[in-house]
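The values are calculated or read from the model by the stated rules, or taken from the named source; none is laboratory data. Computed from a predicted model, the values in this text were never measured in an experiment. Side chains included, ligands, DNA and RNA excluded: accessible areas come from the protein's heavy atoms. Shrake-Rupley method; radii C 1.70, N 1.55, O 1.52, S 1.80 Å.
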Amino acid sequence: MTEADTSARPRPARVALFTSCMGDLAAGGPARATVEVLEAMGCTVELPRGQTCCGQPALNSGYPAEAGALLDRWLRIFAPYDAVVTPAGSCAAFLHHHLGRLREPTPGQRALIQRTYEFSQFVVAYGAGLRLRLRGSVTYHDSCHMARTLGERRAPRELLARIEELKVREMAGCDTCCGFGGTFAAKFPDVSVAMADTKLGTAAASGADWLVSADPGCLLHLSGRARKAGPPVHTRHLAEIVRDALVPAEVPAGPGAATEVPA
């Protein structure tokens with residue numbers, strides 16, 4: 001959904017956070033940062049307790065029936081919300097791209113997917129009132145699914161450009177795969193590591209303070225390789241950069257901590 005699609009609509013008030021498997025099990029920082037930014041925007045954020053995987057890993061591994069069952073559960077859990085926001089660009093891409101491929105969706109299910117956003121899409125569409133300032137520089141890594149399947153390259157860069165005093169340094173091959181690819185990294189570790197080294201090298205050559213992406217999986221892969229043997233590159237999720245850039249005295253107070261709701 002583009003900013004033009006939302007410009008005439010009020011900001012969704014009741015927002016569900018879809019953490020993603022990665023956010024739930026291995027990378028909680030981006031999910032927490034997402035909540036803080038949404039609350040600064042004035043949203044009431046809820047964390048549906050019954051949420052599980054959207055089905056992307058199962059489909060990528062060749063199990064469409066199992067992926068469809070997980071997608072059905074996801075559709076039931078998130079149906080009541082005004083909007084759904086996730087800090088995982090690949091999960092947003094799966095939901096938008098594969099609903100019609102795995103199921104014959106109802107009008108209500110199509111509408112739910114249309115109000116499901118990757119983090120930067122939602123903040124660009126509804127966060128114009130945020131005041132953001134952070135000194136430093138970043139280079140942005142376009143994750144494969146978010147750039148090619150979701151088709152989203154603009155929103156992350158527009159959001160970063162809104163942050164006062166932050167310099168964005170584009171690196172060579174910004175949309176070249178980092179080598180994670182979900183199960184690809186486990187099945188082809190030597191190729192995966194070589195791809196990570198290439199990405200880390202181009203990020204280091206940009207001279208940026210942080211390598212930023214909108215996918216926790218890419219960042220876990222790259223940060224792990226950087227700690228092990230790669231160039232000393234510091235990684236950061238886009239939501240964490242925006243959270244760190246919030247100017248507290250100049251944004252509306254949030255309604256409180258995110259509420260966990262039963263399934």
Set of aspartates and glutamates near LYS167 by C-alpha distance (under 14 Å), chain-local residues within fewer than 8 positions excluded: GLU158, ASP209
The chain, helix-only ellipticity at 222 nm - DSSP H runs n ≥ 4, -39,500 (n - 2.57), divided by all residues, nearest 500: -13500 deg cm²/dmol
Accessible surface of the chain [probe 1.4 Å, protein heavy atoms]: carbon and sulfur percent: 55 percent
Of all DSSP beta bridges in the chain, antiparallel share, percent nearest 5: 5 percent
Kirkwood hydrodynamic radius of the stretch 131-245, from inverse mean 1/r over distinct Cα pairs, in Å: 14.1 Å
Anchor LYS228: lysines whose Cα lies under 18 Å away (excluding residues fewer than 8 positions away in-chain): LYS199
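Determine the shape class of the chain: with a ≥ b ≥ c the square roots of the Cα gyration tensor eigenvalues, call it rounded for a/c under 1.5, and otherwise prolate if a/b is greater than b/c, oblate otherwise. Working shown, then result.
Working: a/c = 1.79, a/b = 1.10, b/c = 1.62.
Judged from the Cα gyration tensor, the chain comes out oblate (a/c at least 1.5, b/c at or above a/b).
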MET22 - accessible surface, heavy atoms, 1.4 Å probe, Å² rounded to 10: 60 Å²
